[in-house]
1. Select from segment 723-745 the residues that are under 15 Å from Leu568 (Cα atoms) and either crowded, with 21+ Cβ neighbours inside 10 Å or of a type in the set (Asp, Glu) (or both) and write down the one among them that is modelled with the lowest pLDDT.
2. Working only within segment 120-167, note down all residues that are within 14 Å of Pro269 (Cβ to Cβ), at pLDDT 95 or above and touching a Phe, Trp or Tyr at 6+ places or on another chain (Cβ under 9 Å).
3. Answer yes or no as to whether Val467 is open to solvent by 20 Å² or more (accessible area, probe 1.4 Å), out of contact with any strand residue (DSSP E or B) (no Cβ under 9 Å at 6 or more places or on another chain) and at pLDDT below 85.
4. What are the pairs with Cβ atoms under 8 angstrom where one residue, in segment 731-742, is farther than 15 Å from Val578 by Cα and the other, located anywhere, is basic (Lys, Arg) and assigned to a helix (DSSP H, G or I)? Sequence gap at least six, or different chains.
5. For Gly632, work out the one condition from (1) free of Cβ contacts under 8 Å to residues at least 40 places away in the same chain; (2) farther than 11 Å from Pro707 by Cβ it doesn't fulfil.
6. Free of Cβ contacts under 8 Å to residues at least 60 places away in the same chain, more than 39 Å from the chain's Cα centre (by Cα) and assigned to a loop (DSSP other than H, G, I, E, B), is that true of Gly686?
7. Would you please list the contacts, defined by Cβ atoms under 6 Å and residues six or more apart or on different chains, that run from a residue in segment 240-262 that is at pLDDT 90 or above to a residue that is outside any strand (DSSP E or B) and among the charged types (D, E, K, R)?
8. Looking at Thr103, Thr112, which is the one that is at pLDDT below 85, more than 21 Å from Thr313 (Cβ to Cβ) and open to solvent by less than 50 Å² (accessible area, probe 1.4 Å)?
Amino acid sequence: MRSLGELRRRLVVLLRRDQFDRELQEEMDHHIAMRAQTHIGDGAAPMAARQNARREFGNSLLLRERSRDAWGLTTVDALLQDLAYGWRQLGHQPALTAMAVLTLGVGIGATTAIFGIVNAVLLRPLPFDAPDRLVRVVSSNLQGIGDKASYPDFADWKSRNHVFTAMAAFHTDRFTLTGTPGGEPLHASCAIVSADLFSLLGVRAALGRTFLPDEDRLTGSTGGFVAILSHQLWLDRFGSDQNVLGRTLDVDGRPFTIVGVMPAGFRFPEEAASVDFWIPAAIDFVRRPGTPSMAEERRNHYVTVIARLRPRTHVLDAQSDLATIVRGLNREHPDIAPRIVHVVPELDGVAGDARPPLLMVFAAVGCVLLIACANVANLLLARGAARQREMAVRGALGAGRARLVRQLLVEGLLLAGLSGVVGAVTLFGTFGSIVAFVPAAVPRLADAHVDATMLLFVVTLSALTGVVFGLAPAFQVSHVDMTGALKEGGRALSTGAHHSRLRRTLVIADVAIAAALLVGAGLLIQSLWSLEHVDPGLRPDDVLTFKVDLPYVRYPGAPAQPRFFEALMQRLRNVPGVRTASAVLPLPMDGNIGTGFDIEGHPMAAAQRPLTRYSWIEPEYFRTLRIPLLQGRDFTLRDTLESTPVVIVNETFARQFLSDGRILGLRIAPGIGNGYPLPPMREIVGMVGDVKTQGPMKSVEPLVYVPLAQSPLGSMTVVVQTALDSSAILPAVRQAVASLDRALPIYDVKLLDEYVGASKAVSRFVGVVFGLFAALALILAAVGLYGVISYAVTQRTHEIGIRMALGARTAEVIGLVVGEGLKLTMIGVCLGLLAALAFARTLSGFLYGVAPTDVLTLVLVGPLLLIVAILASYVPAHRAVNLDPTVALRAE
């Protein structure tokens, strides 16, 4: 540790060195003035003048080097001197410094915020053991539809593969928990998993144990069902009771023994918002009377498969191995529609459809940052040009190129450091709002928060931009003509054609990027307009929805399940303010269920059967959602298991499969037959209008509706059309359910409008964010263009003065200046439109009702940028025409 005396001595050295530098600067200025008066003024030969200058400045160099030796300046001292000098230089031009810091800071902050979301969702490793070896096996039909596997397929993959150390299957569901210390029934989310899932992930229970291998079946060692609690459920409903192990959890009327509690923060599946508890796949093997269990049906594709690669095994090796197994299974089961598989990293499987929109937004904000960087580089190049004489003097006094470059790098890093601070403030101030605007369906969004990684990203981005901004003027200095720069006069201080081209190139790049972003934003905004005005085939306004899940133990199929919903509909229709009520599964824009089917008189092998979507509904469903009935009749209370099996189809189904024009009276057999020993032939009794069940951007698919009474089901979404505000009738709705079963909670209470809005959320997010960034890019491009034109006017002051003295008209001078701006803009627009066309296909997945090469958008972007260019160029042009020719001529 240094003594107080040593610190005092170093402080005196620094103060005296600063004083010395100021005196040395005055001496340099004196030498320059003397040289101008003595050598140039008296007409001395230029060569002799240069030799005398070298001699004089050589003496100054010797003085400088001796002084440095005398003061004992070290590398650290010199760096501190550079920092102090750089800070003073930034302070000499506060307006320029503030503009550069704010421009770059906002760009860094916005880029880091989007990076934080991308990192949390797409880049951050999964919180499991060796996550790079975790993969997902995606199963689909030959058309690429679907991503789930059947349990028998999973079992065969597991037993036959040669590339995985372990495989597990899972799916999610919701159950009603009763008998917990919290008292009230709780509708909780659950993951149903194969027993070896936790060992595959390398995760242990915080309390108790995970599942045993033989607990996949009811013949397990415990002799019954077992469950593992999440840490949050253990806290909320069991009060962190350490004696919770061995207690019974009532799940839909079935007793489950609690065998473990998972650690805090553990979540699986990762894409799920939350999971309250886990149970083994034994529950899937429970048989309902007259039907096989869902886990024994090879046609029932409902599980997601995860696996762990063997060491030194690549994903492509696993793909090849699984493809061979699946081809064999297709041959072994010709009555099942053939399947194909894809093996993808588990992180990609978790991200799913969220990857393209997030990368698109990240690319947009990156483009804005590039424009901000180009603008700041232009500002610094202009500032560097104004400092050429200073650099020439310092170089003539002995400062080498490396010394000058170091000084400019330090100044660039100082500027970047200030921008980083502004970026960090912007990040903290806006990150929460940006995350809140991201669609809730994006997986792992809960992990997005400002952390050390994001702050490191700010620092790294700031450092990189600082080096770039330091190198740009440093490159400029390396080409300075020392002799010319030391001459007095405006033209001597000009930076030459090379540096003018560099600044113009940066502006062209600004405009090109802005043009490409504006094209993308224009396409996305048109797409959003089309989405907002697309007809979904139903009217979602004034419709309240909620879900009801009947425990199978208390409601074992028919007639209990249909009877409950029939009674509930009757009570709801009698609630004041309710126009009508019904029930459906799945609710439009909240999932889908598909099945193959046969048409009477046209038998097909199971593998060739056409596919259709399938919905269970209660009577008055079409009236509740205002779906037009085009032919035939609606379902009635007379459509029961004892009556003729019936079905209603949508327009697309009739158009694709019933092309002869005859619809009513035809019979089809969808492959789902709840309540019947085998799926029966159903008579088509009606046809309804198409509904965009998968969202407004998706095409309409064939769809059949069956009456719930003829295909009993315990989980339904109730839809209530109301004349009042939903909050006003919600208590009466809850009372109607409680009057039938007080132990039955309702959940996911939402307006149908919310589902429709959620189906547009990703497109709205991309479109709005892209539009905002495009607008910001347009503003930054205008600022950059204004800066270059302004600087060009300053450099051409003498020329403009001569033109005006010779009688040039005002319009000619304005045309000269504005023409320069239009020329740069036209080049940038052409390059930007070419880039937009090259990347148009990337946007196609986000567009609806507009082509990626929409002519109107391409045509409008050019004039818009030209108008902005005229406005940005007019201000310096107006300043130019107001110059006093006498003053302008003296500028030389």
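The values are calculated or read from the model by the stated rules, or taken from the named source; none is laboratory data. In this text, all values refer to a predicted model and were calculated from it rather than measured experimentally. All Cβ positions, glycine included, derive from the backbone under ideal geometry; neighbour counts span all protein chains shown. Heavy atoms of the whole protein, side chains included, go into the accessibility calculation; ligands, DNA and RNA do not. Shrake-Rupley method; radii C 1.70, N 1.55, O 1.52, S 1.80 Å.
1. Once the filter is applied, the top-ranked residue is Pro745.
2. Leu134
3. Yes; evaluated as a whole, the condition is true for this residue.
4. Ser739/Arg571; Leu740/Arg571
5. Just one mismatch for Gly632, condition (1).
6. So Gly686 fails the test.
7. Close Cβ pairs (under 6 Å, with a partner that is outside any strand (DSSP E or B) and among the charged types (D, E, K, R)) amount to Ile258/Arg247; Val259/Arg209; Gly260/Arg209.
8. Thr103
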